Amino acid sequence: MEITGSMICQPDLVVPVPLHRRREKERGYNQSSLIAHHTARVLGKKCLPLLKKTTDTISQATLSRRERFENIRGVFSCSETPLLGTTVLLIDDIYSTGSTLNEAAKALCRSGAEVHGAVIAYNPLIK
């Protein structure tokens, strides 16, 4: 099967989903950032930390589907504006309900970016 360019995201840059600064300090790294930097290197693009998690939320892992959407609503801001005409590949580590990726994408879209998301893992077991 031949894949045409129209079927593949051709990003201008790669952006990781951020952790809150307290959580990243505790953990010592952000796995989404590590994945994003590697992805950008493979694609020959820049990886930029354009998003900031402005609220220190509780871990999504312990929450129901509905609680996850409420917990993460409005917690991301974009440091770069405007991003008009910029195609961004937004990277997260795991997709369960899509709430984190959706909220992060909203912040980038408000700055004018076209956003495509990618994750490494999927957890379909969230009720």
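The table that follows gives values for the structure above.
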| read-out | value |
| --- | --- |
| Sequence-separation-based contact order of the chain, relative, with Cα cut under 8 Å and 6+ spacing, percent | 28 percent |
| Proximal lysines relative to K25, as straight alpha-carbon distance under 21 Å, when same-chain residues fewer than 8 apart are discounted | K52, K53 |
| Computed helical MRE - 222 nm, the chain, DSSP H runs ≥ 4 contributing -39500 (n - 2.57), nearest 500 | -9000 deg cm²/dmol |
| Helix 31-43 axis, angle to the chain major axis (alpha carbon atoms, nearest 10°) | 0 degrees |
| Phi to ³J(HN,Hα) by Karplus 6.51 cos²θ - 1.76 cosθ + 1.60 over the stretch 85-92, Hz, x for Gly, Pro | x, 9, 9, 10, 9, 8, 10, 10 |
| Amide H within-cut-off set for S96, under 5 Å, with H built and near neighbours excluded | N123 |
| Assigned charges on the beta-carbon of Lys, Arg, Asp, Glu; the stretch 1-122 dipole about Cα centre (debye) | 380 debye |
| Sparsely packed GluC sites (Glu not before Pro) within the stretch 1-79, loop by DSSP, other Cβ within 10 Å at most 10 | E2 |
| Other-chain or far-sequence residues with amide H under 5 Å of T54's (modelled H) | F76, S77 |
| C-alpha long axis of helix 99-110 to longest principal axis of the chain, angle in ° | 50 degrees |
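Values quoted throughout were computed directly from the atomic coordinates according to the rules given, and no laboratory measurement underlies them. Since we're looking at a predicted model, the values are computed, not measured. So basically every Cβ, Gly included, is an ideal-geometry build from the backbone, and we count neighbours across all protein chains shown.
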